[in-house]
Amino acid sequence: MLTFLPRSSLADAPFEVVEGRPDSRVLVVCDHASPAIPAELGDLGLGPAERSSHVAWDIGAAEVARELAGLLGCPAVLTGVSRLVIDCNRQPGDPSSIPARSCGVAVPGNAAVGEAEAHGRAGRWFWPYHTEIGNRIAHLWRHGPAPAVVAIHSFTPRMGEAPPRPWHVGVLWNRDPRMAAPVLAALAARGDLVVGDNQPYSGREINYTLDTHAGAAGLPNVSFEIRQDLVGDEAGCRRWAAILAEALTPVLAEPTLYRAEIY
């Protein structure tokens, strides 16, 4: 049973920042870090079980992101509200940005969101989060070569009536293979993991944050999806942060990684 809960409610803040070393060349981001729903939105018509489930957030992803940032000595930016309030890995206006239905669960509080409310939610939570990511990347780039960006997500072991998902971790990427290819090889070489290459989701389909902040600028980037039953408590989160850090460290140690290349 999943027991891991968010460290604290971030409903009054659009994002959380983990600081890193001054010489860091990497930024970690976490788009679905919190299940928090601001008081003014009530419960969006959902019960406690739905509000704490994968419907509302990526279970374990925030703690993995914090731990990974600590191991790499780099900064991290994490969202402060549930993806049911507004999904920070979707283009505003996309129907899945403020979903009326998520993972087969109806979200009554999102059923009749008008233009003004949608605009307000984006202004309150979506844009501040992405502005902070942009500012952090700008700071790193001003003080060194082109930085790398790593995104952390998690996925439910089973979606609806579909067969159980076999992967322990997925490596998601779009066009730039510089980080994904060696990380895939490193994770597969362990021999104890089922590793998905753009599975169970594809970085070529849903990749707003990395495409916007890294891909468009030619920055090296990669996204990880970890199965939620493996990061349902703090021990699991620490273990997976260590696994990812081990796979990433030799890749991040390569000086030629840090340059802008458009693919």
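Bear in mind that the values in this text are calculations on the coordinates, not laboratory data. Bear in mind the structure is a predicted one, so any value in this text is a computation, not a measurement. FYI the Cβ positions are ideal-geometry reconstructions off the backbone, even for glycines, and counts take in every protein chain you see.
Quick look at the numbers
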item	result
Anisotropy class of the stretch 108-263 from Cα gyration tensor, a/c 1.5 cut	oblate
Peptide ranges 68-75, 106-113, 235-242 listed from the most packed, as the mean C-beta count within 10 angstrom indicates	68-75, 235-242, 106-113
Candidates H119, H32, H54, ranked by Gaussian network fluctuation over the chain, Cα under 10 Å, top entry	H119
Degrees separating the helix 127-142 axis from the principal Cα axis of the chain, which is the longest one	10 degrees
Dipole magnitude (debye, nearest 20) for the stretch 106-159, charges at Cβ of Lys, Arg, Asp, Glu	200 debye
Net charge dipole size for the stretch 35-95 [Lys, Arg +1 and Asp, Glu -1 on Cβ; Debye, nearest 20]	80 debye
Estimated inter-spin distance, S202 and E261, nm [label 7 Å along Cα→Cβ]	2.3 nm
In order through the stretch 23-30: 3J(HN,Hα) via Karplus (6.51 cos²θ - 1.76 cosθ + 1.60), integer Hz, x for Gly, Pro	9, 5, 10, 10, 10, 9, 10, 9
Computed label-point distance, nm, for sites L193 and C103 using a 7 Å Cα→Cβ extension	2.2 nm
Antiparallel DSSP beta bridges within the stretch 94-243, as percent of all bridges there, nearest 5	40 percent
Rounded to 10°, Cα long-axis angle of helix 234-252 versus longest principal axis of the chain	40 degrees
The chain: Cα Rg divided by the 2.2 N^0.38 Å rule of thumb	0.95
Integer Hz, Karplus 6.51/-1.76/1.60 couplings in order for the stretch 106-117, x for Gly and Pro	5, 10, x, x, 10, 5, 9, 6, x, 4, 5, 5
L71-W127 FRET efficiency (beta carbon distance; Förster radius 41 Å; 0.05 resolution)	0.85
Under DSSP loop assignment and at most 14 Cβ neighbours within 10 Å, longest GluC sites (Glu not before Pro)-free interval of the chain	20-160
Table column - 3J(HN,Hα) (Hz), the stretch 147-164, Karplus curve with 6.51, -1.76, 1.60, x for Gly and Pro	x, 9, 10, 10, 10, 10, 9, 9, 10, 5, x, 8, 10, x, 8, 5, x, x
Options P108, G42, W167, ranked by Cα towards positive dipole end of the chain, top entry (Cβ charges)	W167
Charged-residue dipole, Cβ positions (Lys, Arg, Asp, Glu), the chain about Cα centre, Debye nearest 20	380 debye
On Cα atoms only, tilt of 61-72 relative to the major axis of the chain in degrees	20 degrees
Estimated distance in nm for a label pair at A138 and D233, the labels positioned 7 Å out from Cα along Cα-to-Cβ	4.4 nm
